[in-house]
Amino acid sequence: MRTAKTKTLEIAYFEHGSPEGWPVVLSHGFPYDIHAYDEVAPRLAEAGARVIVPYLRGFGPTRFRSSSTMRSGQQAALGKDVIDLLDAFGIEKAILAGYDWGGLASCVASALWPDRVAGLVSYAGYDVIDVNRLGHAYQPSLEQAVWY
């Protein structure tokens, strides 16, 4: 297990393949962790990829670098974490893949920083939303009616 330091986080990750390979970041979902990719990462590495599998914020040994940093699971923060991780490695462009929260993080990074993304694979993620367009909260009775 290694760690990469960004401005906000010390991100724990596993890496597979050559540092010279085409970069792929595999982001896990909730409540799982990086071991969801135990069978996939080596196969990608054998195909020539440099595979980086990070623990998302709030998971495993990934930590906030400062106790004064506001804890946030907002979609923009998750997407920025992916881009910050690329910056920590000096990677200009990568293929991003993820599911659930990891899919959301990958989609947000792709939407906000498309020039940093060589490809996107997302499964069972969440919609990327424009929170400014929501404008108001729904009535609790309406939310209860549509909740699962």
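Quick notes on this one:
- Long-range neighbours under 7 Å by Cβ, at least six apart or interchain, first residue without any contact (Cβ under 8 Å) to a residue 60 or more places away in the chain within the stretch 104-126, second β-branched (Val, Ile, Thr) and in a helix (DSSP H, G or I): Ala109/Val82; Ala109/Ile83; Trp113/Ile83; Arg116/Ile83
- Pair list, Cβ < 7 Å and 6+ apart or interchain, from the stretch 1-19 residues that are in contact (Cβ under 8 Å) with a residue 60 or more places away in the chain to residues that are of a type in the set (Ser, Thr, Tyr) and buried (at least 19 other Cβ atoms within 10 Å of the Cβ): Ala4/Tyr13; Leu9/Thr62; Ile11/Tyr55; Ile11/Thr62; Tyr13/Tyr55
- In the set (1) free of Cβ contacts under 8 Å to residues at least 12 places away in the same chain; (2) closer than 30 Å to Asn132 by Cα, the condition left unmet by Ala47 is number (2).
- One residue from Phe64, Phe59 being of a type in the set (Phe, Trp, Tyr), modelled with pLDDT of 95 or more and surrounded by fewer than 17 Cβ atoms within 10 Å (Cβ to Cβ): Phe64
The values are calculated or read from the model by the stated rules, or taken from the named source; none is laboratory data. Treat the numbers as computed from the prediction; the structure is a model and nothing was measured. Virtual Cβ from ideal backbone geometry, glycine too; neighbours counted across all protein chains shown.
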